[in-house]
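Q: Handing you a structure now.
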């Protein structure tokens, strides 16, 4: 029974993703991106069938294992588009620095404006780093790892939903620019969304995601100490 439930949950996840891709192509919207649309579909089916999160846990563990190979596979579009990315290294470098610093400063500024306590300000400052990096940085900036993880995941979700829509409204159509923006702001989820737009966009997003995480790790403590205290 356990194996059958696990297989069902994996099939459900893959099917929900495929369905969301089809709906997203026919009805483009921030609410039809796979990471958003497939989630409630899976939740409803789990509740209706009585499977619940307990039954889904083993399937989740198996699928999470594939994150490693999937991340390594990002090297393929990187290699294929290496010449284009190298040609844009100056613009991408400026974009990375400005993107990382602006998202940290703006998050702290907004948190202070709303009167949030220093711990929340610090947690929000590193929300755009990929979740594993953000969690590792949490003690260095004086934030709770669980809180940082929640903000990072939520940021990735919102970025992957609203990012492409906002870029389109801002008339940003250049593939490298779109990919870099999604990778810097919404890390892994943004990179996955960028890959649905094209190989070059996904390659730029993967470079941006990794480099932004390193840059965030280098400056987070200093920025938080300076702005949060």
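The values are calculated or read from the model by the stated rules, or taken from the named source; none is laboratory data. Not measured: the values here are computed from a predicted model. Glycine gets a Cβ as well: all are built from the backbone with ideal geometry, and neighbour counts include every protein chain shown.
Q: Just give me the residues in region 111-122 being more than 18 Å from residue 137 (Cα to Cα) and in contact with a helix residue (DSSP H, G or I) (Cβ under 8 Å, 6 or more places away or on another chain), in sequence order.
A: Across region 111-122, the qualifying residues are 111, 112, 116.
Q: Search region 52-69 for residues being under 16 Å from residue 131 (Cβ atoms) and exposed (fewer than 12 other Cβ atoms within 10 Å of the Cβ), and hand back the single one that is nearest to the chain's Cα centre (by Cα).
A: Among residues in region 52-69 that are under 16 Å from residue 131 (Cβ atoms) and exposed (fewer than 12 other Cβ atoms within 10 Å of the Cβ), the one nearest to the chain's Cα centre (by Cα) is 67.
Q: Please determine, by comparing only the residues of region 1-50 that are outside any helix (DSSP H, G or I) and out of contact with any helix residue (DSSP H, G or I) (no Cβ under 6 Å at 6 or more places or on another chain), which one is farthest from residue 198 (Cα to Cα).
A: Checking each candidate, the answer is 1.
Q: Quick check on this structure: which one of 202, 210 is crowded, with 24+ Cβ neighbours inside 10 Å, at negative phi, under 16 Å from the mean Cα position of the chain (by Cα) and in a helix (DSSP H, G or I)?
A: 202
Q: Looking only at helices (runs of 4 or more DSSP H) that fall completely inside region 87-190, which ones have 3 or more residues that are over 29 Å from residue 29 (Cα atoms) and without any contact (Cβ under 8 Å) to a residue 24 or more places away in the chain?
A: 89-113, 131-141
Residues checked against (1) in contact with a helix residue (DSSP H, G or I) (Cβ under 7 Å, 6 or more places away or on another chain); (2) at pLDDT 90 or above:
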position	(1), (2)
126	yes, yes
131	yes, no
136	no, yes
141	yes, yes
147	yes, yes
152	yes, yes
165	yes, yes
